[in-house]
Amino acid sequence: MLMELLPVDVLYIVLDNMLLDTTRNPDPRHEDCTRSCAIALSSTCRLLRFKTIPWLFSELYNWPQRAESLWPQSLWPHIAKLHIRDETVRNKARISISTSLAGATESMPSLTTVTLRLKTTIPNYLLISLSNCATLFTLSLHQACLDGDEWPQSLPFAALETLTIQYGGIWGVRRRRGSSYDPEREQRNIHQLLKAVSSHLMNLTLSGDFLSDNFPDIKWVALTSFVVTEHPPRPHIPADQLVSNMPHLRNLELLFTPNHVLADFPPFNIGGRTQALPSKLSSLSLSNVNEHDPIFSAIPDCITTLRLLAVTDLYHPKTRYSNAYSHRLLLDTRPLASPRAESALNHIHNLALLTSFSVALYDAPPMGSLIREIANKCPALRELEVRCLPLNTHMLLSMIDFKTDSELLLALGELRALTHLTWFVSTHSCAQNPGPPAHAAYKLFSALPQLQTVVYKFGNCYDVSLFSPVVNIWHRELLDGPEPARVVGELVNIPVSQGEYMQRLTELWRQNPIIDT
């Protein structure tokens, strides 16, 4: 059958599958050009060109092609996702955010998603126009100063379901601030926006830097997911107060990172004296939290997903482009040693329904006693992810060379319901990536008859040559063949002891003043 004769919905499925075979640029600073794969196809005949135009132009950027960055009006009906910036990446040219561009968004009937990455204050006329878009479901504001003129009292955003307002962005967790920066007005503007959408918003991601004292007064009648990123709110707002007016909340993520400007470092105490979390909460993620924090004892019995992380915005100042990725990098700034992770679990009353658990650990591999404690507390656990930062080559190899009678392997056998196991190994550089440890997956499948999937992720703390971690996945069918040979790449040794490493890390951490200036 000729492609031009395919129904439009079938043709779009074909084009979507073409995207899977297109190399994607992982650098978030650049535009995603993968949809250009349809250009050659659309050039073959007039009918195909007519059919592919809506798919080809469904996601656009306001890169300046002329004096004013505005697309032909004939394309407006097809635009579903729009990216707006006020500066180009490659040549640092300014992009004008005109009233014409703002007004055009109100005439885009298919517009559902808008992402703003501005270095200057968001113009009021742009925000007003976006609030009038009847189909806008998702709005993301990154690294933009919001301290301009007072925002209007009425901002409809009638269809808005997901809102993201983050302190960080593609240039890292930092913003350029002039002498006229007004943080109090910024918080008032944000509070005004939050109040305007609180009656229907379902998903909210907000930097802790933007949380004001009166945030707990807002009533969120439809909110099901609340994510707090970057730095903890200062002055401190206890977690139970943050979510006190979120009766339908199911997902809560408090992903706090060190604040280098205020010298506010983990572990963080986020709870209050009287801790109470929403009764419908099913997923909880915490970063850099003290293992004795009262929030652990407040976790409801219905929790099914728990993540204890160690997120940071720290990046190596000598690594090229590292500031562009710093908001995405993870480094175990306050990982839990196995005994401390056990202590955190002991403070939780009931994890009988927990099916997914992720933890960032200071030691590698984790102690067998921790795995046994997890098995004891979480009898229904099906998915386990353990993230470790090996301090030397021996620790790294111990994550992939399991002995049949090792304490860790025997302890894993006590997780009777475990079907998916993930080891996330954070190395100091990509040189420590040992390659796909298929032999380790084979041993795990052999020892754990209920296990269906083994995943090894190798990411690095400072090298950004691998924007995303290297992911190796094996399924139980691996046992159908012969046992794979142990093939480990030549590793660059990590010639530091645990104490020396932490000393170096602390020095780097304290001497990096460019993160939040």
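Data table
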| item | result |
| --- | --- |
| Meets criteria (over 18 Å from residue 205 (Cα atoms), touching a Lys or Arg at 6+ places or on another chain (Cβ under 9 Å), modelled with pLDDT of 85 or more and not in a strand (DSSP E or B)) for residue 130 | no |
| Per-region count, segment 93-111, residues among the hydroxyl-bearing types (Ser, Thr, Tyr) and crowded, with 18+ Cβ neighbours inside 10 Å | 1 |
| Top-ranked residue in segment 449-470 [being at pLDDT 95 or above and either under 15 Å from residue 388 (Cα atoms) or over 28 Å from the mean Cα position of the chain (by Cα) (or both); ranked as surrounded by the most Cβ atoms within 10 Å (Cβ to Cβ)] | 455 |
| Set 70, 75: member being of a type in the set (A, V, I, L, M, F, W, C) and without any contact (Cβ under 8 Å) to a residue 24 or more places away in the chain | 75 |
| Total residues in segment 112-125, condition over 27 Å from the mean Cα position of the chain (by Cα) and either in contact (Cβ under 8 Å) with a residue 40 or more places away in the chain or buried (at least 17 other Cβ atoms within 10 Å of the Cβ) (or both) | 1 |
| Yes/no for residue 291 being on the phi > 0 side of the Ramachandran plot, surrounded by 19 or more Cβ atoms within 10 Å (Cβ to Cβ) and touching a residue at least 12 places away in the same chain (Cβ under 8 Å) | no |
| Criterion (more than 21 Å from residue 134 (Cβ to Cβ), of a type in the set (S, T, N, Q) and at pLDDT 85 or above) met by exactly one of 107, 69, 98 | 98 |
| Identity of the residue in segment 188-239, within 23 Å of the chain's Cα centre (by Cα) and charged (D, E, K, R), that ends up surrounded by the most Cβ atoms within 10 Å (Cβ to Cβ) | 209 |
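The values are calculated or read from the model by the stated rules, or taken from the named source; none is laboratory data. Bear in mind the structure is a predicted one, so any value in this text is a computation, not a measurement. Virtual Cβ from ideal backbone geometry, glycine too; neighbours counted across all protein chains shown.
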